[in-house]
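Notes for the one structure printed next.
The values are calculated or read from the model by the stated rules, or taken from the named source; none is laboratory data. On a predicted model such as this, the values are computed, not experimentally measured, just so you know. Cβ placement follows ideal geometry from the backbone for every residue including glycine, while neighbour counts extend to all protein chains displayed.
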Amino acid sequence: MEVTINNIRKEFDKFAALNDVSLKIASGELIALLGPSGSGKTTLLRLIAGLDYPTAGQVFFGTEDASHSSVQERNVGFVFQHYALFRHMTVAQNIGFGLKIRPSATRPPKAEIRKRVSDLLDMVQLSGLENRYPNQLSGGQRQRVALARAMAIEPRILLLDEPFGALDAKVRKELRRWLREFHDRTGHTTVFVTHDQEEALELADRVVVMSQGKIEQVGSADDVYDRPQSPFVFSFIGESSHLPVDVRDGTVLFQGEPIGVSEGTNTVGDLFFRPEDVELTDDPHALFGKVTACRRLAGTRIAEIDIANNGHAPFHVEVEVPLHAPIELGSEARFRPTRWKIFPGQK
Amino acid sequence: MTASATANTAGWRMKQPSIIPGFGLTLGFSLTYLSLIILIPVAGLLWRSAELGWSGFFAILTDERTLRALYVSFGTAFLAALVNVVFGTILAWVLTRYRFPGRRLIDAMVDLPFALPTAVAGIAFAALYAPNGWVGSLFMPFRIAFTPLGIVIALIFIGLPFVVRTVQPLMEEIDREVEEAAATLGANRFQTIFKVLLPGLTPAVLTGFALAFARGVGEYGSVIFIAGNIPYVSEIAPLLIVIRLEEFNYAGATAIATIMLLISFAMLLVINLIQAWSRRRYGNV
């Protein structure tokens with residue numbers, strides 16, 4: 001099911017949790033809503049589900065305007081961070097609930113419900129646990145029951161609110177891979193909310209980066225990581241450092257000095273670069289600063305460098321250095337960004 | 001055989017002392033306290049009624065007046081507890097789910113039956129529900145006061161806070177997400193409440209029922225004013241005990257008390273077993 005969100009605005013007591021958000025979700029897509037807490041990602045998910053109503057704007061399911069349909073009418077599968085299982089029901093009863101409560105006209109016969117429940121249990125790899133109660137399951141198992149329960153009603157779209165947020169790191173990784181396979185097999189349009197960028201980048205076809213009630217960028221993992229379109233995306237996704245610069249006559253100046261980096265248009269703004277996009281150099285036209293810390297990170301080393309700032313608090317940047325590079329604490333390091341982006345803005 | 005091997009093979013053994021000290025002391029204190037307050041008085045009761053011998057005990061048990069009094073006591077307490085389960089749960093629902101002016105006041109009022117001398121409540125009820133009282137006159141010729149119905153009303157008053165106060169905390173813990181989950185699965189409000197929310201409250205409701213029921217069986221002060229105390233009709237067992245005492249028939253009084261005790265204990269035991277069962281199923285509720 002294709003979902004279109006048109007100019008959605010949502011206010012809570014005059015505070016705009018979402019401000020003019022538009023998004024098109026293609027049928028069968030796996031989309032991540034990524035952002036820090038308070039960015040409005042969960043609000044957006046709840047608006048799609050119909051658990052909240054927008055102050056302005058519309059939600060379309062296909063060509064149908066669903067903006068004012070109730071959550072029951074929308075027929076969406078929703079998975080909550082804390083599972084929200086019915087604890088007085090067995091696993092099988094939980095999964096069958098959505099079918100069992102249908103009015104008799106649309107309710108499948110008992111045998112068929114039973115069959116569907118056992119199919120779903122197979123699909124989430126929990127066969128044999130149908131008579132357990134939720135409190136007899138582990139967190140990962142509970143979340144899979146919640147997913148099976150949401151899938152039982154054959155939802156038009158599957159929505160997951162921080163589905164792995166309450167699980168420990170190992171289970172989270174397993175379930176992530178499992179969800180990806182599950183999605184590839186079933187082909188359901190799926191939207192999930194997360195604040196974990198690794199999760200979003202690894203899992204989603206497209207990532208929607210949100211901040212302060214707005215969409216900052218929509219794109220594939222490569223897009224948002226390699227071609228961030230805003231300072232927020234650049235600093236939120238992955239590691240990065242930034243320095244205030246001027247661009248004059250094609251040369252980038254930091255504190256009035258050229259740093260061996262050139263740029264097309266004249267501007268005043270912030271130079272962003274990632275730790276891995278830096279080379280150490282002897283060139284006098286380069287950034288330099290004092291190494292204040294050095295830490296090992298898997299296969300590389302990260303040096304923290306303080307650049308003097310005329311008596312003000314120094315600029316702090318992080319650069320990746322080769323393991324064999326002669327970097328010592330307290331020594332001076334010269335370096336130059338090899339890939340960077342300048343976002344115009346006030347200095 | 002070593003000590004540890006013995007401990008492992010033993011079918012039953014004391015719990016290993018934990019890192020938290022004071023097990024011996026607190027258990028000793030608990031047992032002493034329990035003995036002084038409950039066990040010794042109850043044993044005295046049994047001892048005293050044993051003076052009658054089996055035949056005497058049996059004669060009192062099968063006496064028509066005793067049977068009717070027991071029937072009235074347990075029957076009215078049961079009905080009142082049932083009513084309290086329904087209205088106490090609704091009241092708890094209103095108090096936890098909605099914010100309205102005067103909520104705190106109503107919340108405080110729920111505890112009044114705990115604090116008010118029950119005789120005062122009984123007198124008030126009798127005045128109100130008597131055939132010439134404000135409420136009672138409306139229902140004439142149907143009589144409320146001085147019938148078992150009057151007893152039920154007094155016991156509803158007495159038992160209400162037990163249900164409200166046991167259900168309320170659990171209701172407050174209900175996760176909003178559970179309701180929303182039910183809604184996304186297509187459940188309407190009615191189905192959400194009756195199939196999802198209330199079944200989850202079963203253990204708490206049972207506890208409330210047990211407490212209200214137990215309190216109702218033992219209630220004396222408020223009932224005697226509104227009951228009319230007509231033998232065979234609206235005479236409760238505790239009153240019959242007092243009557244026997246006033247006749248200096250101590251053995252007779254303790255015999256009725258013993259019967260009450262046994263029935264109450266059996267019923268509470270059954271309710272506790274149901275609770276334990278539902279707790280095992282639903283986890284720690």
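Among the residues of region B:47-73, those identified as closer than 21 Å to B:Arg215 by Cα and among the hydrophobic types (A, V, I, L, M, F, W, C) are B:Leu67, B:Ala69, B:Leu70, B:Val72. Annotation: of all residues in region A:157-168 being surrounded by fewer than 19 Cβ atoms within 10 Å (Cβ to Cβ) and within 14 Å of another protein chain (Cβ to nearest Cβ), the one that is farthest from the chain's Cα centre (by Cα) is A:Ala166.
Report yes if some residue within region A:280-298 is modelled with pLDDT of 90 or more, touching a strand residue (DSSP E or B) at 6+ places or on another chain (Cβ under 7 Å), charged (D, E, K, R) and in a loop (DSSP other than H, G, I, E, B); otherwise report no. So far as region A:280-298 goes, no, none of its residues is modelled with pLDDT of 90 or more, touching a strand residue (DSSP E or B) at 6+ places or on another chain (Cβ under 7 Å), charged (D, E, K, R) and in a loop (DSSP other than H, G, I, E, B). When region A:114-131 is filtered for residues that are buried (at least 17 other Cβ atoms within 10 Å of the Cβ) and within 14 Å of chain B (Cβ to nearest Cβ), the ones remaining, listed by number, are A:Arg116, A:Val117, A:Leu120.
Yes or no, residue by residue, for (1) out of contact with any Pro (no Cβ under 8 Å at 6 or more places or on another chain); (2) at pLDDT 90 or above; (3) outside any helix (DSSP H, G or I):
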{"site": "B:Gly11", "(1), (2), (3)": "yes, no, yes"}
{"site": "B:Gln16", "(1), (2), (3)": "yes, no, yes"}
{"site": "B:Thr32", "(1), (2), (3)": "yes, yes, no"}
{"site": "B:Phe58", "(1), (2), (3)": "yes, no, no"}
{"site": "B:Val72", "(1), (2), (3)": "no, yes, no"}
{"site": "B:Gly75", "(1), (2), (3)": "no, yes, no"}
{"site": "B:Val85", "(1), (2), (3)": "yes, yes, no"}
{"site": "B:Leu95", "(1), (2), (3)": "yes, yes, no"}
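Take the conditions (1) within 18 Å of the chain's Cα centre (by Cα); (2) within 14 Å of chain B (Cβ to nearest Cβ); A:Arg87 misses just one of them, which is (1). A single entry from A:Ala84, A:Ala150, A:Ala111 fulfils the requirement of being assigned by TED's automatic domain parsing to the domain that holds A:Ala169, part of a helix (DSSP H, G or I) and either of a type in the set (D, E, K, R) or surrounded by 17 or more Cβ atoms within 10 Å (Cβ to Cβ) (or both): A:Ala150. Per the conditions (1) away from chain A (no Cβ under 12 Å); (2) at pLDDT below 90; (3) out of contact with any helix residue (DSSP H, G or I) (no Cβ under 7 Å at 6 or more places or on another chain), the sole criterion not satisfied by B:Asn229 is (3). Taken over region A:260-276, the residue count meeting the criterion of being within 18 Å of A:His316 (Cα to Cα) and buried (at least 17 other Cβ atoms within 10 Å of the Cβ) is 7.
Regarding A:Val321, is this residue closer than 25 Å to A:Gly256 by Cα and surrounded by 12 or more Cβ atoms within 10 Å (Cβ to Cβ)? Quick ask: steps written out before the conclusion?
Working: closer than 25 Å to A:Gly256 by Cα: no; surrounded by 12 or more Cβ atoms within 10 Å (Cβ to Cβ): yes.
No.
Of all residues in region B:183-200, those that are within 7 Å of chain A (Cβ to nearest Cβ), of a type outside the set (A, V, I, L, M, F, W, C) and assigned to a helix (DSSP H, G or I) total 5. Residues in region A:247-259 that are within 17 Å of A:Phe335 (Cβ to Cβ) and surrounded by fewer than 17 Cβ atoms within 10 Å (Cβ to Cβ): A:Leu253, A:Gln255, A:Glu257, A:Pro258.
Scan region B:227-243 and give yes if some residue there is of a type in the set (Val, Ile, Thr), touching a Leu at 6+ places or on another chain (Cβ under 8 Å) and surrounded by 17 or more Cβ atoms within 10 Å (Cβ to Cβ), otherwise no. Taking every residue of region B:227-243 in turn, none turns out to be of a type in the set (Val, Ile, Thr), touching a Leu at 6+ places or on another chain (Cβ under 8 Å) and surrounded by 17 or more Cβ atoms within 10 Å (Cβ to Cβ). Would you point out the residue of region B:168-182, among those that are out of contact with any Phe, Trp or Tyr (no Cβ under 9 Å at 6 or more places or on another chain) and at the interface with chain A (Cβ under 10 Å from one of its Cβ atoms), that is farthest from B:Tyr98 (Cα to Cα)? Here the residue is B:Glu179. The one condition from (1) under 23 Å from B:Leu79 (Cα atoms); (2) part of a helix (DSSP H, G or I); (3) away from every other protein chain (no Cβ under 14 Å) that B:Ile144 does not meet is (2). Looking for something free of Cβ contacts under 8 Å to residues at least 60 places away in the same chain, buried (at least 20 other Cβ atoms within 10 Å of the Cβ) and within 18 Å of the chain's Cα centre (by Cα) - is there at least one such residue anywhere in region A:55-72? Scanning region A:55-72, I find no residue that is free of Cβ contacts under 8 Å to residues at least 60 places away in the same chain, buried (at least 20 other Cβ atoms within 10 Å of the Cβ) and within 18 Å of the chain's Cα centre (by Cα), so the answer is no. Just one of the numbered conditions (1) farther than 30 Å from A:Asp65 by Cα; (2) more than 9 Å from every other protein chain (Cβ to nearest Cβ) is not true of A:Ala105: (1). The conditions of being surrounded by fewer than 19 Cβ atoms within 10 Å (Cβ to Cβ) and either assigned by TED's automatic domain parsing to the domain that holds A:Glu198 or under 28 Å from A:Ser27 (Cβ atoms) (or both) are met by A:Val171. Residues of region B:153-211 that are basic (Lys, Arg) and free of Cβ contacts under 8 Å to residues at least 12 places away in the same chain: B:Arg176, B:Arg189. Among the residues of region A:132-156, those that are in contact with a strand residue (DSSP E or B) (Cβ under 6 Å, 6 or more places away or on another chain) and at the interface with another protein chain (Cβ under 10 Å from one of its Cβ atoms) comprise A:Ala146, A:Ala150, A:Pro155.
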